[in-house]
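Take a look at the structure set out below.
The values are calculated or read from the model by the stated rules, or taken from the named source; none is laboratory data. Remember, predicted model here, so these are calculated numbers, not experimental data. Cβ sites come from the backbone with ideal geometry, for glycine too, and all protein chains shown count toward neighbours.
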Amino acid sequence: MQKLSANGVRWLKGLHLLAVACWVGGAISLISLSFLKAGITDGRVLYGINQSLHHVDMSIVVVPGAIGSLLTGLAYSLLTNWGFFKHNWLTFKWIVTVTAIVFGTFFLGPWESAMMEISGTLGIASLDDAAYLYNQKMNLWFGTLQVLVLTMTIFVSIFKPWKISEKNIKGA
């Protein structure tokens, strides 16, 4: 397969960084927005916050950023000399990216959707509902964990640990 030119790689890098910024920045925004629920006394406000979380996650920032990260990472692997598993740090990034997308799809997203649905039905009584509180707790804890892992992955991309250098090969 033909590889990208140096200018093409720069464009791809820019698109990849933009997608990662949307994914991680959006996820941080979701965590931050969840703290707006403290002290709420109006069920419509609670539902509005949950709707906002859902909209930012699914439609605007997080999911498009995650998909963009996956697709630009795929393009990097196919259209440059980096490959898929040429370096251990690349393998780590693939594992984290796919795991985070799968976890978000099957756990974080449904927990968030459930909060929106419950608060739309129960209003402020949601704050006393066991299912709502469970979904909120799981989403906050595991969402925060996912942000931390994704942030760590950014630094793995920068420092490229576990990379076998020519110096290590010559010294062996």
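The table for this structure:
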read-out	value
Options 85, 106: the member that is part of a helix (DSSP H, G or I) and either at pLDDT below 95 or not acidic (Asp, Glu) (or both)	106
Among the candidates 12, 18, residue that is farther than 18 Å from residue 100 by Cβ, touching a residue at least 12 places away in the same chain (Cβ under 8 Å), of a type in the set (A, V, I, L, M, F, W, C) and surrounded by 14 or more Cβ atoms within 10 Å (Cβ to Cβ)	12
Number of the condition not met by residue 69 [criteria: (1) at pLDDT below 95; (2) under 14 Å from the mean Cα position of the chain (by Cα); (3) of a type in the set (S, T, N, Q)]	(1)
Scope segment 1-27; condition β-branched (Val, Ile, Thr) and out of contact with any helix residue (DSSP H, G or I) (no Cβ under 6 Å at 6 or more places or on another chain); matching residues	9
Members of segment 72-84 that are more than 21 Å from the chain's Cα centre (by Cα) and among the aromatic types (Phe, Trp, Tyr)	82
Selection count where residues are more than 17 Å from the chain's Cα centre (by Cα) and buried (at least 17 other Cβ atoms within 10 Å of the Cβ), scope segment 41-66	5
